[in-house]
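First the structure, in the form of structure tokens, and then the observations on it.
The values are calculated or read from the model by the stated rules, or taken from the named source; none is laboratory data. Just so you know, these numbers come straight off a predicted model, no measurement behind them. Glycine also receives a Cβ, built like all others from the backbone with ideal geometry; neighbour counts cover every protein chain displayed.
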Amino acid sequence: MTADTPLARRVAQAIRDVPDFPKPGITFKDITPLLADPVLLADVVRAMQAPFATLEVTHVVAMESRGFLFGVPMALALGAAFVPVRKPGKLPWKTAREGYALEYGDDALEIHTDALTPGSRVLLVDDVLATGGTAAAAARLVERQGGVVVGLSVLMELDFLRGRDALGERRVETVWHVR
């Protein structure tokens, strides 16, 4: 979707900018006003899952933590399993880890080693695509577990950070592009 769609305009109006959070120079996109509007939230979840409805998704893998808010209802709508990908030390079972860079530092993600089976058809979900580091790390984790990434669905994409470049040829669907 582009910024010219009615839904993208509604999303743009709902999200507020918080300057200098989590550190100076970063403008944080606060989605809590969107979450407070059940009609808008439902419309966003439908829009995020719709492009993948016919792709036989078996697992929705969402990134901590705001990706979970969209990933669970999307998994239910697609009839797929939900798999959380979390920051190190937060999953209680055996994990695989992948490091990544983001616009304000470095971090890592983990997935349970038994979360996917070879050939799992995975839709990655997050609230924002910025530098692409988080999404690329999640895709590598999925692929190391034998899964096939069918695409990435995000609420908003910060186009000026060129996050798509980190994802190669992977399909990316976005509700709202921030230029």
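Worth pointing out:
- Within the option set 165, 107, 159, 114, being touching a His at 6+ places or on another chain (Cβ under 8 Å) and surrounded by fewer than 21 Cβ atoms within 10 Å (Cβ to Cβ) holds for one residue only, 159.
- Selection over region 118-141 of residues that are in contact with a Ser or Thr (Cβ under 7 Å, 6 or more places away or on another chain), surrounded by 24 or more Cβ atoms within 10 Å (Cβ to Cβ) and farther than 11 Å from residue 172 by Cβ gives a count of 2.
- Looking only at region 14-24, and only at residues there that are out of contact with any helix residue (DSSP H, G or I) (no Cβ under 9 Å at 6 or more places or on another chain) and free of Cβ contacts under 8 Å to residues at least 24 places away in the same chain, the one that is farthest from residue 77 (Cα to Cα): 24
- Residue selected from region 19-38 under the condition among the hydrophobic types (A, V, I, L, M, F, W, C) and under 20 Å from residue 71 (Cβ atoms), by the criterion nearest to the chain's Cα centre (by Cα): 31
- Candidates 47, 42, 36, filtered to the one that is surrounded by 13 or more Cβ atoms within 10 Å (Cβ to Cβ) and either hydrophobic (A, V, I, L, M, F, W, C) or in contact with a Gly (Cβ under 8 Å, 6 or more places away or on another chain) (or both): 47
- Options 126, 107; residue that is modelled with pLDDT under 95, closer than 29 Å to residue 15 by Cβ and of a type outside the set (Phe, Trp, Tyr): 107
- In this structure, residue 117 does not satisfy being within 23 Å of residue 55 (Cβ to Cβ), among the polar types (S, T, N, Q) and either at pLDDT below 95 or within 13 Å of the chain's Cα centre (by Cα) (or both).
- Residue 58 surrounded by 12 or more Cβ atoms within 10 Å (Cβ to Cβ) and in contact with a Ser or Thr (Cβ under 6 Å, 6 or more places away or on another chain): yes
- Residue count, region 92-104 (criterion: out of contact with any Asp or Glu (no Cβ under 9 Å at 6 or more places or on another chain) and either closer than 25 Å to residue 160 by Cβ or surrounded by 18 or more Cβ atoms within 10 Å (Cβ to Cβ) (or both)): 3
- Taking every residue in region 57-69 that is within 11 Å of residue 128 (Cα to Cα) and pairing it with any residue that is assigned to a helix (DSSP H, G or I), at least 6 positions away or on another chain, the pairs with Cβ-Cβ distances below 8 Å are 63/134; 63/135; 63/138.
- Residues being modelled with pLDDT under 95, in contact with a Phe, Trp or Tyr (Cβ under 8 Å, 6 or more places away or on another chain) and over 29 Å from residue 99 (Cα atoms) are represented in region 1-17 by at least one member.
- Contact annotation: residue pairs with Cβ atoms under 6 Å, 6 or more positions apart or on different chains, pairing a residue in region 126-143 that is free of Cβ contacts under 8 Å to residues at least 60 places away in the same chain and part of a strand (DSSP E or B) with a partner that is surrounded by 24 or more Cβ atoms within 10 Å (Cβ to Cβ) and of a type in the set (Val, Ile, Thr), are 129/154.
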